[in-house]
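Data block below; observations after.
The values are calculated or read from the model by the stated rules, or taken from the named source; none is laboratory data. Note that the structure is predicted; figures quoted are calculated from it, not measured. Cβ placement follows ideal geometry from the backbone for every residue including glycine, while neighbour counts extend to all protein chains displayed. Just the protein is used for accessible areas: all its heavy atoms, side chains included, with ligands, DNA and RNA removed. Shrake-Rupley method; radii C 1.70, N 1.55, O 1.52, S 1.80 Å.
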Amino acid sequence: MNTAFADPGHAGPAGGGEEEARRKRDLDLLARASRTELEDLWNGLDDKPAHTRLRGPETGLVMVRGRIGGGGAPFNLGEATVSRASVQLADGAVGHAYRLGTDRRAAELAAIIDALARDDGRRAVIADRLLTPLAERLAAEAAGRAEETAATKVDFFTMVRGED
Amino acid sequence: MYVAVKGGEKAIANAHRLLADRRRGDRSLPGLTIAQIIAQLGLAVDRVMAEASLYDPSLAALALKQARGDMIEAIFLLRAYRTTLPRFGTSVPLETGRMQVERRVSATYKDLPGGQLLGPTFDYTHRLLDPDLLDETADVEAPARRAGETEAVMRVSDILDGEGLIEPDGEMPDDHVPGDLTREPMEFPMPRDLRLQALARGDEGFLLALGYSTQRGYGRTHPFVGEIRMGLVEVEFEVPELGLTLSLGEIRITECQMVNQFKGSAKAPPQFTRGYGLVFGQSERKAMSMSLVDRALRTSEFGEDVTAPAQDEEFVISHCDNVQATGFVEHLKLPHYVDFQAELDLVRRMRARHKPAEETTEHEEAAE
């Protein structure tokens, strides 16, 4: 997980490019939220507006590309399952979601949450209850993996042969 | 010739029922869960994803369970499943340089930025069966941790590239659109991007044997492992309805940079050449084999003679897909009653014609 996810709770009101950047960061986080985390947020909301489905939820494929030699011309490595949804709330707000895997319910919930977050007041609640703890969980998991890997780093030492 | 015959429906239905029974096995044992397969047979799941060319651990685990652990059958099931899904598009190419590294070793440099990170490896184990694992309730120690390591894990190819000692990452002409084997029929000669797609989904055993053959002298390339890295990379996708590039999650991949002996010319000084391997999941053997074969298949590009099987593009690419291979090999067991009747008839007639000739010869010998 990248540092791009740090501190989603304090983005504050934003507009233009900042608004887009914030939305991207939120959507990237929502793609990593577990189904339970999404359900918990939804179930805990007092106000659950109805939504209509604009597209999906549906599962399909994304062809994942690599690069020759790591940084050269792209080639098709293989596909991955992706689920996506687009929804509209009664107030007109539209939400989208894309995530790896086949969990269509999770994709639909994430799209609803994205639509809810178009409203700054609702977004603050979503950030507090879901995005901030989620970012913390992901950062902790990444840090844990990094520390476990670091513990397997080889510390070379040279045997003194006493020739001089 | 194909002739329809009827019958066998009941036998087939009962055979499948029997298969389901044998798959489940002893009912006094708990049934395997998909979560258990993902957690405890992870490398089997990875191999199914790699060779099915579809990244989805849950579906790969389901396929393994359904196939009773038969890898190629599981790969076949996952390949069949993918044909039922629409394609949303193509990802932004993976940035393996930004990988969250879980293992990284180099055989060419001892001390390099990021260091030698062994990760969860079978290397240096003694290959002794562990009787502790007979007890499924036995506790396993938590991994050791070392905090405070933040050094970036630099690519070995970039280190060599800095001195101009190695050829650059493979480029294709600017107007080249990456080919897709799942959409267009194969043609030879095949550009390197398409070959890499074929190798990435190719059979591990086949590629291992071919890679080994190059080491034993059938198309030697003098390889060194510049670097192997395994870990998590983000899958990014441009979403047109948002005008944003989203990160859809992480996948685990293994990358191998093989450094091979030199190529130079009157105009260009000698440089190391390279083979590249990239595979879904944790699969070092496959990534290494792929990079050996990738380099071997570049023989013509370097003006070398194609003398060995691993250098023969059409041979390698046409036979590396285990689902295709198993389809054609295994079809032999299906009824060929009529074909065989025809051959029986033919061999009888040939023998009938052969007999008088044999007798004549014997008579002549006797006469002499």
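Observations, loosely collected:
- Just the protein heavy atoms count here, and of the accessible area of the protein assembly as shown at 1.4 Å, carbon and sulfur take up 55 percent.
- The spacing between segment B:26-93 and segment A:85-104, judged by their C-alpha centroids, is 27 Å.
- Checking every one of the trypsin sites (Lys or Arg not before Pro) in segment B:20-53 against DSSP loop status and a limit of 13 other Cβ atoms within 10 Å picks out B:R27.
- For B:Q116, distant residues with modelled amide H under 5 Å away: A:V154
- Here A:K48 is the anchor, and the lysines within straight C-alpha reach of less than 25 Å, apart from those fewer than 8 places off in the same chain, are A:K24.
- Put simply, the amide H of B:S91, placed in the peptide plane, has neighbours under 5 Å in A:M63, A:V64, A:R65, leaving out anything fewer than 5 places away on its chain.
- Nearest-0.05 FRET efficiency for A:A151 and B:E330, computed from C-beta distance (R0 51 Å): 0.65
- Helical mean residue ellipticity (222 nm; -39500 (n - 2.57) per DSSP H run of 4+; nearest 500) of chain B: -12000 deg cm²/dmol
- Stokes-Einstein D (µm²/s) once Rh is taken as the Kirkwood radius of segment B:11-82 over alpha-carbon pairs, at 4 °C in 1.567 mPa s: 103
- Remark: the B:F224-B:V140 segment gains 26.7 nm on full extension, using 0.36 nm per residue and subtracting the alpha carbon distance.
- When you filter the GluC sites (Glu not before Pro) in segment B:16-117 for DSSP loop state and at most 14 other Cβ atoms inside 10 Å of their Cβ, you are left with B:E95.
- Among B:G219, B:G327, B:G275, the residue with the largest mean-square fluctuation in a Gaussian network model of chain B, with springs joining Cα atoms closer than 10 Å, is B:G327.
- For the protein assembly as shown, alpha-carbon Rg over 2.2 N^0.38 Å: 1.19
- Approximate spin-label separation A:A139-B:F302, in nm, with each point projected 7 Å along Cα-to-Cβ: 4.7
- Gyration tensor verdict on chain A (Cα atoms; rounded if a/c is under 1.5, prolate if a/b is larger than b/c, oblate otherwise): prolate
- Simple label model, 7 Å out from Cα along Cβ direction - B:L244 to B:L18, nm: 5.7
- Taking Cα atoms only, the orientation of helix A:104-116 departs from the longest principal axis of chain A by about 70 degrees.
- Average accessible surface area per residue within the protein assembly as shown, 1.4 Å rolling probe, Å²: 55
- Reduction of at least 10 Å² in accessible surface, 1.4 Å probe, comparing all protein chains with the chain by itself, residues of segment B:245-270: B:T245, B:L246, B:S247, B:L248, B:G249, B:E250, B:I251
- Solvent-accessible area buried by pairing B with A, both sides, nearest 100 square angstrom, 1.4 angstrom probe: 6000
- Segment B:189-258: C-alpha gyration tensor shape, a/c 1.5 cut-off, then a/b vs b/c: prolate
- 10 Å Cβ neighbours from other chains, averaged over peptide B:138-144: 2
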